[in-house]
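Sharing a structure with you now.
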Amino acid sequence: MWMSKRIRWRLAIVWAAVALTAGLAAALHPQHQHDQAHETRSGRTWTPDDLVVDPFGDPQQFAELWRQTAGGAASTVGSMDIGEIAVLQDDGSLVQGNVTNTPNIIQAFYATHGDEYDQVIIHVASTYRGDVDPEAGFAFFSLVAGYVGGINRFQGNPAEEFGITRLIGICNMNDLPEYPQSPTEDFFGDVASYVEILGQEFEHAWAAFVQPAPGTGADILGRSDAHWSFFLNHPGIGNASPMEGNRWQANGDGSFTTVESFTGFGELDDYLMGLRAPMDMVPFYVIDFPPGRDPFDDGAFPEPGVTVTGGTPIDLTIQDIIDNYGPRGPDTTTSMKTFKIAFILVIPPDSGPDPADLKKLDDFRLAWEAYFNHTTEGLGTMDTRLGIGPGVDPSVFAQVDDFESQTIDPTRYQYVQGATISDLGLNEPSGANALRLNGNWGGGDEVRSVPIDLAGLPFSSVTLHYSVQRTGGGDSPELGDDLLIEYFNNVGQWIVLRTIVGWDKDQTQFTAFDDILPTNGLHEQFRFRFRRLQGDIAEVDDYFVDDVFLTIADTCPADLDDDDTVGILDLLALLADWGDCPVKGDCSADLNGDGNVGILDLLVLLANWGPCP
């Protein structure tokens, strides 16, 4: 978690005596005082103890707060999207007593926005009378749902009862005046900028909660056991983590010096976020000191230029973490790589959005995208746009997707959580592979299509085709491990189209389904998704999906010349084809599909005479 605002560290220089009687020489560095007050831009003071993770407790406790206020927060809140910033105009429920009400802010946001975001970032406008603080600390992260194993973090999604299936967590980043104008200016302890503070809050969805296996004797956690130890040397050539710790240099004489702090996500961060495979990581170390001989607290705030002696490096690899918690699941083959983030600006009831605030927050948004994409070395990307983008032409889904490639097609599917392509299905309808949704360590898998423009198409004209197999050559689902096929309606809600129940018998054959889309699915941002519900999170149970495509019925089949009118030219074309078709089904004038162009087809044409609907 993070710290205060425009802080100038005042280091209290405390030198320890050299313990010659014990035969140990330890030249100690000035000690960081954790009760030291730090002045903010508004003149208030904070200490590191004000910096918290999950201030509402675990996701179940946050869900209970949400449950207590559900339905009462968003009814009179104004909402408008200005560029890529979601602006919420307070009605008195979002800021109460100059303190944010985060559950109410989230409810107000989702009242007008879809379930499209992995995290949301909250800021408060400069136009409130007086400073507005988060419920806890200077800035905090609150976990809403956990889907990852092997990282010592909560697993499950209590928010699903509110229709929120994608949100992982919330970053409450305080009011905008507490930050410099530039998002990359180091203002906190002269070593950290806005994007680095947000980097820490964002990463709290996955870090830092892991320790090496006990046999190593290493402790790599620092402040609140939720940040890296001051003495952790971040692995790799790249960066010093926004989750604290430092990059250390061994000087060859038994001393070590910090050379970098807060330069970006490191290899250990990448691993926990699901971006870097264990095989792509180098060893790292933490400096260990004899009991009572630490130069200062391992929760001290990072600082370059610090030299310590008397410590011994404990060499570690990522396998030491895996030995303690098991491998990260999902691993990098199926983990999320693109993160969808929404930036929220809360404004007071009595004023509109300040253009300067909008410009500042938009600059922060763009800088955050660039920072994340750059410091993860392209392994991850950040999408901070509101909405889901324009719908593609439905012809993109006209061809059957048989999942024979080794990757899920990004031109068809824009969100994939945990699902893979596998050959464990039995008797696939085409090819050897199918889409596999078998759950993960935190719950169900999900695949969402890109938006598809179905606006203007008539009722009953669009059909979603797919084939499903329960279990196949994998594991049997149980009660509650259902597969949902859902569509995105014209008011931003996901509606169940079909449920494949988990308690039914195992299958060795695929079942084909042809679901006609309801009228409220025929809009410019229609989408569909396959979503495996979370049953027992200790189980990993299988569904296989294959041969996915859309068909659009010809609403004017008698328009043989495609001029949007059934008229004399179409009649002449039908008469020219009179008689048996050369190949059944390959004869456009055979309007009733009987393999012959005759009197029945003429009657169909005459019944449809005039402009096409």
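Using the crude model of +1 on Lys and Arg Cβ and -1 on Asp and Glu Cβ, and no other charge, please compute the dipole size for region 385-455 relative to its Cα centre, in debye to 20.
Roughly 280 debye, rounded to the nearest 20.
OK, next. Just need the relative contact order of the chain here, percent rounded to a whole number, with Cα pairs under 8 Å and 6+ apart.
This gives 12 percent for the chain.
Taking θ = phi - 60°, what integer Hz values does the Karplus form 6.51 cos²θ - 1.76 cosθ + 1.60 yield along region 496-506, in sequence order, with x for Gly and Pro?
My calculation for region 496-506 gives 6, 9, 7, 10, 9, 7, x, 7, 6, 5, 5 Hz in order.
Nearest 5 is fine: what % of DSSP beta bridges in the chain come out antiparallel, could you say?
Values: 76 of 101 bridges.
Around 75 percent antiparallel, to the nearest 5.
Related question: I'd like to check one number: the per residue accessible area of region 464-613, probe 1.4 Å, reported in Å² as a whole number.
Accessible surface, normalised per residue, equals 48 Å².
Once both axes come from the Cα atoms, what is the angle between helix 355-375 and the longest principal axis of the chain, in degrees from 0 to 90, rounded to 10?
That helix lies at roughly 90 degrees to the long axis.
Using a 1.4 Å probe over the heavy atoms of the protein chains, calculate the carbon and sulfur portion of the accessible area of region 410-544 as a whole percent.
51 percent
Per-residue HN-Hα couplings for region 281-289, Karplus 6.51 cos²θ - 1.76 cosθ + 1.60 at θ = phi - 60°, whole Hz, x for Gly and Pro?
10, 9, x, 9, 8, 10, 7, 10, 10
Can you give the local net charge around VAL416? Use residues other than it whose beta-carbon is closer than 11 angstrom to its beta-carbon, Lys and Arg +1, Asp and Glu -1.
+1
Still on this structure: By the scheme Lys and Arg +1, Asp and Glu -1, what is the net charge of all other residues having a beta-carbon under 14 Å from that of ALA553?
Within the 14 Å Cβ shell, the charges total -4.
Calculate, in nm to one decimal, what VAL99 and ASP504 gain on full extension: separation in residues at 0.36 nm each, minus their alpha carbon distance.
Gain on extension, VAL99 to ASP504, equals 140.8 nm.
A further question follows. For GLY222, which sequence-distant residues (separation of 5 or more, or a different chain) have an amide H within less than 5 Å of its own amide H, given hydrogens modelled in the peptide plane?
For GLY222, the qualifying residues are HIS227, TRP228, SER229.
Assuming a ≥ b ≥ c are the square roots of the Cα gyration tensor eigenvalues, decide whether region 189-331 counts as rounded (a/c under 1.5), prolate (otherwise, with a/b larger than b/c) or oblate.
Oblate, since a/c reaches 1.5 and b/c is not below a/b.
Sticking with this structure for a sec: In sequence order, what are the phi-derived ³J(HN,Hα) couplings for region 348-354 according to the Karplus relation 6.51 cos²θ - 1.76 cosθ + 1.60 with θ = phi - 60°, rounded to whole Hz, with x for glycine and proline?
x, x, 9, 8, x, x, 6
The values are calculated or read from the model by the stated rules, or taken from the named source; none is laboratory data. Just so it is clear, the model here is predicted, and its values are computed rather than measured. Virtual Cβ from ideal backbone geometry, glycine too; neighbours counted across all protein chains shown. All accessible areas refer to the heavy atoms of the entire protein, side chains included, with ligands and DNA or RNA removed. Shrake-Rupley method; radii C 1.70, N 1.55, O 1.52, S 1.80 Å.
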